[in-house]
Protein chains: 2
Amino acid sequence: MKWEENVRRVVPYTAGEQPGRKDVIKLNTNESPYPPAPGVARRMRELETERMRLYPAFPEQTGLAASLAAYYGISTDRIFIGNGSDDVLSLAFLTFFQSGRPILFPDITYSFYPVWADLYRVPYRCMPLCNDFSIRKEDYIPAESGIHNGGVIFPNPNAPTGVLMPLDAIEDIVAANSGVVVIVDEAYVDFGGTSCLPLIDKYDNLLVVQTFSKSRSMAGMRIGYAMGSPMLIKYLNDVKYSVNSYTMNYTALELGAAAAADTGYFKECCSRIVRTRECAEKELGRLGFTFPKSYGNFIFASHERVPAKEIFEKLKENDIYVRYWDKERIDNYLRITIGTDEQMEALYHTLEKITG
Amino acid sequence: MKWEENVRRVVPYTAGEQPGRKDVIKLNTNESPYPPAPGVARRMRELETERMRLYPAFPEQTGLAASLAAYYGISTDRIFIGNGSDDVLSLAFLTFFQSGRPILFPDITYSFYPVWADLYRVPYRCMPLCNDFSIRKEDYIPAESGIHNGGVIFPNPNAPTGVLMPLDAIEDIVAANSGVVVIVDEAYVDFGGTSCLPLIDKYDNLLVVQTFSKSRSMAGMRIGYAMGSPMLIKYLNDVKYSVNSYTMNYTALELGAAAAADTGYFKECCSRIVRTRECAEKELGRLGFTFPKSYGNFIFASHERVPAKEIFEKLKENDIYVRYWDKERIDNYLRITIGTDEQMEALYHTLEKITG
């Protein structure tokens, strides 16, 4: 077809499998094993379908923005809300990485970064993680790396490794990159990491991105947000309002506000997941796995004897889904989401049979 | 700030005002005056907030896609579903208008088109409407216009004029542009227009875009869709899955399916709006307005004596919101959404005082 010559061709990101059956143990996409805050169900019963005939409110003017602002102790002009953190990150690539110079991110990281870069024609360089999967800070400091970069992005803790970078290292990177935007993707920060959010007061080039998909148990509602200087947020909104006037529907705004309002439930869920992760470290260690210390709601583990791919397939035969990438450097690792204690017990039991 | 040099700067689209108060008569953003189908409220009461902890389904595999496919008598591989038709159109600009040659659209049309073109660096040329606001077909036929264009997009009926282009003219344009993609934006086609959907069987370069925001009373839920050849849909999905794995949340998918399933209610709402529009034509004519025959859920009207801007402001003082653009060629027109009969009576009454 002649029109095909004019089409943007891309290799899309592949999300983790969503098995149709409900009776599987799903530890493959880092969802929370706990339901959304009880206020979400209450609020849903109050929603008016009549209201759906009207366009939704602008997110920055809603109770959702107000709740987040109150929780983080910042003003609403420092918050951008989008349709999941993928929407937020995608818009940030489009908005901030326009220099024509390569942006930098780790070689082992969230695999959507190179996809957005390719889509928006942003050049990039992948900086290799150290052997212990930590990020080498110096790689992101122009004076040391010798790279005149166009921006920096990394998750903290990193995905899929779970490795946390200390706050002072992040500050060094942000300070050394004042001419470009630095995005810290904190999708997993609520499980024991330290957020770099306080740095946004000091550095107007820092964008911190978080999500409701993991620690707030609402992957299905698609709510993500970014926090930064009012200027960064304004530029992001300008691009957003040039793509789609209304990315957040009525239900996401209302139910997101209900979830954000319940800080107690949120913290309790995070604590439970951290406790289960600590238990999982012991059990997986006992079964012959090694892994870097994780600060996420997952463990990135390799077995001393049985290849990861084999374990992955055998777990699936037993209706337990974990994540595996057939990719250099990490092809002998599994990313195992922390589920409920019951789900994890079933996992250990099955792993014992597979690896024993 | 130095990082600002690397930012994509854009002038965003400005949506119609969303007044905070509920007691106004809102005829400014072409929303339906009728609530969503009764099945939407029923389905909402059955939704499980527990399900929200998981990522949503892929839209093309849902009951929403199946319902639309059944209604239009096409297979689901010919349907792309997005987060409102703005999301669908934005992705289509990014996907299909990559030739570097100018795309063509009318000078008076949906004002988001130049915004997307600017955002994605797509060159474009605006082709002037005739004085009666009809689209000059020849302008979009390369052999007659002499323009080697990179694509074509127009709404049918056009916005904000309501003028309908006959199906044979559309076919001529699509057939004459086989080397590029032609997008027909049918946001308003359900109010008496003729859809060009049957042409997608014959022309693989035709993308037809529709929305739940007008005729299906669900602007607040953000559901739009495109129909075309499986190849067009595949390319669109590749780009979509390179932006955001999940643009449609659980509630939009479920409630959209409930709305799509009720064809009877949908048709009844459209008929009522058409009847009210016919009545409005008489009333507005009696009050000294002229307007092209509209096939949308709005009328684009100019008064014989009182300037549009003055009427716009006086209506607002009376808590009646309509849409006005201070823009060449249309700065003496108002776009008035068709509301309920009661809302329209209040409008006529107020217009009588303003223009009398």
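Computed quantities for the displayed model
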quantity	calculated
Complete set of residues in the stretch B:122-133 that are crowded, with 17+ Cβ neighbours inside 10 Å and either part of a loop (DSSP other than H, G, I, E, B) or β-branched (Val, Ile, Thr) (or both)	B:Val122, B:Leu129, B:Phe133
Of all residues in the stretch B:210-252 being more than 28 Å from A:Ala57 (Cβ to Cβ) and of a type in the set (S, T, N, Q), the one that is nearest to the other protein chains (Cβ to nearest Cβ)	B:Ser242
Tabulated pairs, the stretch A:48-77, first in the same structural domain as A:Ala252 (by TED's automatic domain parsing), second among the charged types (D, E, K, R), C-beta under 6 angstrom, 6+ apart or interchain	A:Arg53/B:Glu31; A:Leu54/B:Glu31; A:Thr76/A:Glu60
Residue match in the stretch B:66-79 (condition: of a type in the set (Asp, Glu), within 13 Å of chain A (Cβ to nearest Cβ), within 23 Å of the chain's Cα centre (by Cα) and not in a loop (DSSP other than H, G, I, E, B))	no
In the stretch B:22-34, residue surrounded by the fewest Cβ atoms within 10 Å (Cβ to Cβ) [restricted to those that are at the interface with chain A (Cβ under 9 Å from one of its Cβ atoms) and farther than 15 Å from B:Arg222 by Cα]	B:Tyr34
Residue in the stretch B:1-21 that is farthest from the other protein chains (Cβ to nearest Cβ), counting only those that are under 26 Å from B:Asp326 (Cα atoms) and among the basic types (Lys, Arg)	B:Arg21
Residue count, the stretch A:233-255 (criterion: touching a strand residue (DSSP E or B) at 6+ places or on another chain (Cβ under 8 Å) and in a helix (DSSP H, G or I))	4
Boolean, B:Ser90 is crowded, with 19+ Cβ neighbours inside 10 Å and in a helix (DSSP H, G or I)	yes
Neighbours by Cβ (under 9 Å, 6+ apart or cross-chain): first from the stretch A:79-100, at positive phi; second among the polar types (S, T, N, Q)	A:Gly84/A:Thr211; A:Gly84/A:Ser213; A:Gly84/B:Asn244; A:Gly84/B:Ser245; A:Gly84/B:Thr247; A:Gly84/B:Asn249; A:Gly100/B:Asn6
Tally, over the stretch B:75-102, of residues that are of a type in the set (Val, Ile, Thr) and under 13 Å from B:Leu207 (Cβ atoms)	3
For A:Cys269: the one exception among (1) within 19 Å of the chain's Cα centre (by Cα); (2) in contact (Cβ under 8 Å) with a residue 40 or more places away in the chain; (3) surrounded by fewer than 22 Cβ atoms within 10 Å (Cβ to Cβ); (4) in a helix (DSSP H, G or I)	(3)
The stretch A:93-121, residues that are in a helix (DSSP H, G or I) and under 14 Å from the mean Cα position of the chain (by Cα)	A:Phe112, A:Tyr113
Criterion: farther than 23 Å from A:Met218 by Cβ and without any contact (Cβ under 8 Å) to a residue 24 or more places away in the chain - qualifying residue of B:Ala41, B:Ala15	B:Ala15
Restricting the stretch A:35-52 to residues that are facing chain B (nearest Cβ under 7 Å) and charged (D, E, K, R), the residue that is surrounded by the most Cβ atoms within 10 Å (Cβ to Cβ)	A:Arg51
Single match in A:Ala176, A:Ala219, A:Ala226 (criterion: assigned by TED's automatic domain parsing to the domain that holds A:Gly151 and either among the hydroxyl-bearing types (Ser, Thr, Tyr) or within 22 Å of A:Gly339 (Cα to Cα) (or both))	A:Ala219
Some residue of the stretch B:97-117 being within 9 Å of another protein chain (Cβ to nearest Cβ), within 30 Å of A:Ala37 (Cα to Cα) and of a type outside the set (A, V, I, L, M)	no
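The values are calculated or read from the model by the stated rules, or taken from the named source; none is laboratory data. Note that the coordinates shown come from a computational prediction; the quantities given were computed from them, not determined experimentally. Backbone-built Cβ (ideal geometry, glycine too); neighbour counts: all protein chains shown.
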